[in-house]
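Below is one structure, written out as structure tokens; comments come after it.
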């Protein structure tokens, strides 16, 4: 005689027959979730997240020579107190437009085309009106190629 035959409750729990009192097997999900969390933590720690800071760009190449036309520049310096200097010579506000017109006329006689570039070097504390006056004077002299000079932060801290 076996142990199952001697215990009536054991027969009910382990019977494979069609009795209505049989217990259906269950899958316990808690250990499964624990294992998945451990695997997830392992993957999070062992994975390296790299971010590419550069773009891989292949730039086009050209087989041409440099342009022979030199770009002539007119430097207009605007000081902190609103005074002007054209190519290093101090100029009055009222004479600024006439000076630029003369320089434009001299350049167009020599070159035949208008290849002048106006470079405005304004102090950081210069009044806005002084910079606008320099722009208006360049417009009055029919100069349209205007650039503003700036310096990088590294040079300003020196």
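The values are calculated or read from the model by the stated rules, or taken from the named source; none is laboratory data. Being a predicted model, the structure only gives us computed values, none of them experimental. Every residue, glycine as well, gets a Cβ built from its backbone with ideal geometry; the counts of neighbours run over all protein chains shown.
Condition test on residue 108, is it at pLDDT below 85, more than 18 Å from residue 77 (Cα to Cα) and either more than 32 Å from the chain's Cα centre (by Cα) or in a loop (DSSP other than H, G, I, E, B) (or both)? Against the criterion (at pLDDT below 85, more than 18 Å from residue 77 (Cα to Cα) and either more than 32 Å from the chain's Cα centre (by Cα) or in a loop (DSSP other than H, G, I, E, B) (or both)), residue 108 qualifies. Scan segment 68-104 for residues that are touching a strand residue (DSSP E or B) at 6+ places or on another chain (Cβ under 7 Å), modelled with pLDDT of 85 or more and assigned to a loop (DSSP other than H, G, I, E, B) and the total you get is 3.
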